[in-house]
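Values quoted throughout were computed directly from the atomic coordinates according to the rules given, and no laboratory measurement underlies them. Quantities reported herein were computed from a predicted structural model and do not represent experimental measurements. As a convention, Cβ positions derive from the backbone with ideal geometry for all residues, glycine included, and neighbour counts pool all protein chains shown.
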Amino acid sequence: MNDHGFHPDLAARMERSTGPELLSEPFGPPEPWELRIEDRAIEGPGGALRLRIYRPVRDAADRPCLVWLHGGAWVGGDLDMPEAHETSRGVAGRADAVVVSVEYRLCGENVHFPAPVDDVVTAYRWVREHAAELGVDPARVALGGASAGGNLAAGASLRLRDEGETPWQALLLYPLVHAPLPEPSDELAAALAKVPTALSFPAHLIDQVFAIYLDGAPVGTASPYAFPGHAEDLRGFPPTYLDNDEFDQLRGSGERFADQLRAAGVEVEQVTSPGVLHGHLNLVGLDVAHATLDRMAARLGLR
């Protein structure tokens with residue numbers, strides 16, 4: 001780490017640029033996992049729902065499974081972005097597990113909450129119903145996601161709990177689960193002050209994506225399935241791995257959610273990934289991203 005606390009590889013790029021383009025190039029080659037990767041469309045609430053299934057080459061039964069959701073502020077992202085594709089490859093390879101990446105509906109003019117959550121619940125139930133075909137243990141299907149995908153994973157987990165189908169685990173990576181965002185702690189505020197403006201989320205942009213997600217409804221009226229950090233009762237939420245980025249405005253939401261879960265008696269493993277900005281799973285080849293994938297795989301190895 002340098003004097004500012006940023007990862008040295010990020011700091012080196014910041015010396016050359018303070019725009020988003022500094023994160024667009026890989027920090028190293030993709031990992032060489034040998035997997036069977038299959039795209040499949042299933043029937044979803046809004047029509048065809050596309051899944052990308054990652055399976056180890058060796059046939060086996062009763063593997064753990066992660067249903068995975070990329071980020072993108074509910075309005076962007078796809079199955080090809082590193083946070084989806086490289087994360088799915090890395091977890092499946094490390095854990096000898098099946099990963100099912102979900103192309104949930106993105107929000108826009110005609111798509112709003114609860115459509116993406118409906119898609120996630122549909123994908124989760126499909127995986128459990130087709131567990132034998134996929135070589136998956138139906139009792140070990142985890143639900144996880146990053147950023148907006150972490151929000152959807154948490155919201156879907158809460159809904160599934162209420163409907164008697166609590167997932168095995170929740171893996172939440174730098175999630176946004178409160179609206180508005182909690183006020184940052186003094187320590188987080190000091191960290192955020194070091195982040196270049198071009199790499200921060202302006203308040204008006206956060207408000208815009210909230211409005212798109214909720215179709216203009218006030219955040220204070222939103223369902224807890226939209227922002228699970230406002231749920232009145234989190235008892236029975238699945239055991240949770242929660243990983244926040246050190247230099248990230250969303251860290252306050254993830255940290256508060258971890259506290260709320262513990263207060264509700266939920267087992268929580270909480271990590272702050274050091275030296276990185278929001279979205280570190282998109283940083284192909286970065287050692288911090290590899291360390292996160294190691295921890296995610298270890299969670300899938302639990303019994």
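Beyond 25 Å, what share of the Cα-Cα pairs of the chain is found? Please give it as a whole percent.
Values: 20405 of 45753 pairs.
Within the chain, distances greater than 25 Å cover 45 percent of Cα pairs.
Mind sorting 223, 88, 17 by how few other Cβ atoms lie within 10 Å of their own Cβ, fewest first? Before the final figure, lay out each step's value.
On the way: 223 17, 88 26, 17 14.
Final ranking by Cβ density, sparse to dense: 17, 223, 88.
How would 257, 201, 113 line up from fewest to most surrounding beta-carbon atoms within 10 angstrom? Intermediate values should be presented prior to the final figure.
Numbers: 257 29, 201 17, 113 22.
Sorted ascending by nearby Cβ count, the order is 201, 113, 257.
Each of 270, 111, 280 was scored by the projection of its Cα onto the charge dipole of the range 8-300, and the greatest displacement toward the positive side belongs to 270; charges sit on the C-beta of Lys, Arg, Asp and Glu. Note on the chain: GNM, Cα springs under 10 Å; of 245, 207, 119, the largest mean-square fluctuation is that of 207. Counting neighbouring beta carbons within 10 Å and listing from fewest to most, the residues 246, 183 come out as 183, 246.
About the Cα centre of the range 1-71, how large is the charge dipole given +1 on each Lys and Arg Cβ and -1 on each Asp and Glu Cβ? Please answer in debye to the nearest 20.
Working: 9 positive and 12 negative charges, 60 e Å.
Charge dipole, the range 1-71, about its Cα centre: 280 debye, nearest 20.
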